[in-house]
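Contents: one structure, followed by commentary.
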Amino acid sequence: MNCYNCGIELDKTTETKEHIPARSLFEGYDEKYKVNRLTVSACKDCNGRFSPTDEEFRNMMGIISQKIEDKKITEKSVRSVLRKDKKLERLHFDSLGKVSGVTFSQGTIEEFHIKNFKGLFMHEYGIVLPEKYTVVVNIDENDWSEATRGILGFFELFDWKISGHPDIFQYKLQPFRIGIKNHEKSDLKPVENEPFFAGLLHYNNQHAALVLAFDSEQIKKKLKKAAHNTQYT
């Protein structure tokens, strides 16, 4: 077995379990929401490294939540933000002096999504995401380009999968291919040197992220081959 993140080989004495997503997103929920949560093998260093990342995302979800079920998460999030920001530099106030917003680290939030994407990749395919892939995250739903909307349309060909409960976490992860038909909504099997994977991660019915992993060299080869074929047809 290997760590889902760094790839180091593990044995029974060094293996820990990383929850995808973090257990903190389930706080305050009934036990029925917590069954069949996904876990992947992780080394102790990687498992501990992402604790601040998990907390930052939990805090963001607690602050933006409008769900009664998230009351416990929200309470913990407020305490955490105030503890970390005693000078209130992350808080925004309106003209009446009331808190109107909180600033969160976009880089940390993106890191949370990448961590989960890597965990799901290990869960789905049984291997660590190779280092040759560049991973990018898009979390701005107001700035999704035509290309991004095309990828979102691709996801309509597949069913959602869950970890724990659909109200907490749903995801889709597939090799991205243009122009396919998939009436049965069956998973695509990666091929050797697969150039492009796409993941859609949805949290607590309130926040979504599009995560893309691409091998630039393979994409260049495919584009060059397509251009060559077009030239001689």
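The table below gives the values:
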| item | result |
| --- | --- |
| Most to least packed among 134-140, 179-185, 28-34, 210-216 [average Cβ atoms within 10 Å] | 210-216, 134-140, 28-34, 179-185 |
| Compactness of the chain as Cα Rg over 2.2 N^0.38 Å, two decimals | 1.13 |
| The chain - percent of accessible surface contributed by carbon and sulfur, probe 1.4 Å | 50 |
| Label-point gap, in nm, between Val136 and Met1 - each point 7 angstrom along Cα→Cβ | 3.5 |
| Peptide ranges 195-206, 35-46 listed from the most packed, as the mean C-beta count within 10 angstrom indicates | 195-206, 35-46 |
| Above-threshold pairs, the threshold being 29 Å between Cα atoms, out of Lys32/Lys185; Lys76/Lys185; Lys72/Lys185; Lys72/Lys132 | Lys76/Lys185; Lys72/Lys185; Lys72/Lys132 |
| Glu184 paired with Arg149, simple spin-label distance in nm, labels 7 Å along Cα-to-beta-carbon | 3.2 |
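The values are calculated or read from the model by the stated rules, or taken from the named source; none is laboratory data. Predicted model, so just to flag it, every value in this text is computed and none were measured. All Cβ positions, even for glycine, are placed from backbone atoms using ideal geometry, and neighbour counts span all protein chains on display. Remember, those area values only see protein heavy atoms, side chains included, never the ligands or the DNA or RNA. Shrake-Rupley method; radii C 1.70, N 1.55, O 1.52, S 1.80 Å.
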